1. Determine if the range 384-407 includes at least one residue that is assigned to a loop (DSSP other than H, G, I, E, B), within 16 Å of the ligand (Cβ to nearest atom) and within 19 Å of the chain's Cα centre (by Cα).
2. So F180 ticks every box in (1) more than 30 Å from I90 (Cα to Cα); (2) open to solvent by less than 70 Å² (accessible area, probe 1.4 Å); (3) within 11 Å of the ligand (Cβ to nearest atom); (4) of a type outside the set (D, E) but one. Which box is left unticked?
3. Among the residues of the range 83-90, are any open to solvent by less than 20 Å² (accessible area, probe 1.4 Å) and within 16 Å of the ligand (Cβ to nearest atom)?
4. Could you check the range 316-359 and list, in sequence order, the residues that are among the hydrophobic types (A, V, I, L, M, F, W, C) and surrounded by 20 or more Cβ atoms within 10 Å (Cβ to Cβ)?
5. Would you point out the residue of the range 141-177, among those that are among the small types (G, A, S) and over 27 Å from R122 (Cβ atoms), that is nearest to the ligand (Cβ to nearest atom)?
6. So if I check each of L194, L234, which one is more than 16 Å from the ligand (Cβ to nearest atom) and over 30 Å from K370 (Cβ atoms)?
7. Being in contact with an Asp or Glu (Cβ under 8 Å, 6 or more places away or on another chain) and not in a strand (DSSP E or B) is the filter; apply it to the range 360-373 and report the residue that is surrounded by the most Cβ atoms within 10 Å (Cβ to Cβ).
8. Determine whether R284 is open to solvent by 10 Å² or more (accessible area, probe 1.4 Å), closer than 22 Å to D262 by Cβ and in a loop (DSSP other than H, G, I, E, B).
Amino acid sequence: MGLKRLTVNLRIAVIQLNPQIGQLEETVVRARSLVRRVERYRPDIVVFPEFALSGYSFHSRPEISAHLCRPQEGPAWELCRQISQGLSCITVMGYPERGDDQQAYNSALVVDEEGKLAFNYRKSFLYDTDEEWQCAENPAGFQTFELPLKGKARDRSGDVHDVKLRSAIGICMDLSPYKFEAPFHECEFSTFQLEHGTELLIVPMAWLHSSSVTRDTADPASQKAEIANSMDRLGLPLHGSQNQFQVDVELRDGTCVKECPDDGILPSAPSDAGAASSYSDLSRPDNSNLNYWIMRFMPFLACKWRENWFAEKALKPMLAKFKGSRFTYLGSSLKVPWLFENKNALLVLCNRCGAEDGATVYAGSSGIFKFNGQHGDEETILDTTNRSVELLGNLGKGHEGVIVRDVSFEIER
Ligand code: GLN
């Protein structure tokens, strides 16, 4: 009914950091110097990880207390405002939030081009580490918000439009099954975002590499020794790499800058030469993490089996379980086999790197992905090879750095 297709063009910068608790000033210095590396490209959006400046592994409320801030106070707010005002861009950053009534949240700020607070999102699904300091769940649950963008959309005749992009933040564990207990295929976060027509998904993370010690580790002491060995082999301190920046800029105008701290060579396709659980090849993304993240967005992915579920009317009983709280299952509704067909969405994953406590190793591999809504009747494999997801670029798993990409996607208005 008179809907127009508009093409949105954005320049996105994703900053990967290794923040350590108690080293706020040093982290801010590195964050600023990474921003300086790319400021001449004038990004529209700059994204930082979960708990980007404070460090992540807090183990008690007293330990995190001094780091908790109101949204418009403290180091994350100050830095976001300076970046937004200096570059006239949107800045997104994770930080520990002080709420009312002794509540504490794991939150992310969205600061607009003028340095004003555009949105504050609180993590909904909590990870074990968040529970250790009695983090509260987002009382509002998953959310969307409208992000106003001036002059970034064009119609077919080339006329420029201001648009409000349907946007959402997810923080790390938000992508996982609730408490790791919900069935994997419920895809809670991505189903919510599909049903709300979200066009831009921004995910700050402190996502663990598989070499980490977790509640499932059988022998924590020997796993810690293994982590210490890996860092030693890499010639790094126990907290991993800092100050060796990977810079990866690729723009539509042909600008291309690729600097890599290890070997100066970047792989043409994301891959990980090492075994799944070994921490090595720090300038390469961790392929098992990329595959897992992509799988968590199953509702946005092409999959030819949907036609069968739809035709066999298998969907009704599946949906009944949710008592009206959702109208899609793995991307299918009762009206169409694939609700996302012919739509576009952009996913920005910004993970941290390095290690904390000699036990928690983070997976880095931050990147930018576009879901193109195509190939719905062909694809069967739900990983990075699925043609409905375009990998626009990823940093490696272990170095701090910044990646910049020009992205282009279609919306309807
Ligand atoms: N599922 C995530 C992981 O395993 C959760 C971590 C987080 O929320 N920071 O790494």
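1. Within the range 384-407, one or more residues are assigned to a loop (DSSP other than H, G, I, E, B), within 16 Å of the ligand (Cβ to nearest atom) and within 19 Å of the chain's Cα centre (by Cα).
2. (2)
3. The answer is no; no qualifying residue exists.
4. The answer is L330, W338, L339, F340, A345, L346, L347, V348, L349, C350, C353, A355.
5. The qualifying residue nearest to the ligand (Cβ to nearest atom) is A153.
6. Matching residue, one of L194, L234: L234.
7. G364
8. So R284 fits the description; yes.
The values are calculated or read from the model by the stated rules, or taken from the named source; none is laboratory data. Keep in mind the model is a prediction, meaning the values are calculated, not measured. Don't worry about glycine lacking a Cβ; one is built from the backbone with ideal geometry, like all the others, and counts go over all protein chains shown. Calculation scope for accessible area: heavy atoms of the full protein, side chains included, ligands and nucleic acids excluded. Shrake-Rupley method; radii C 1.70, N 1.55, O 1.52, S 1.80 Å.
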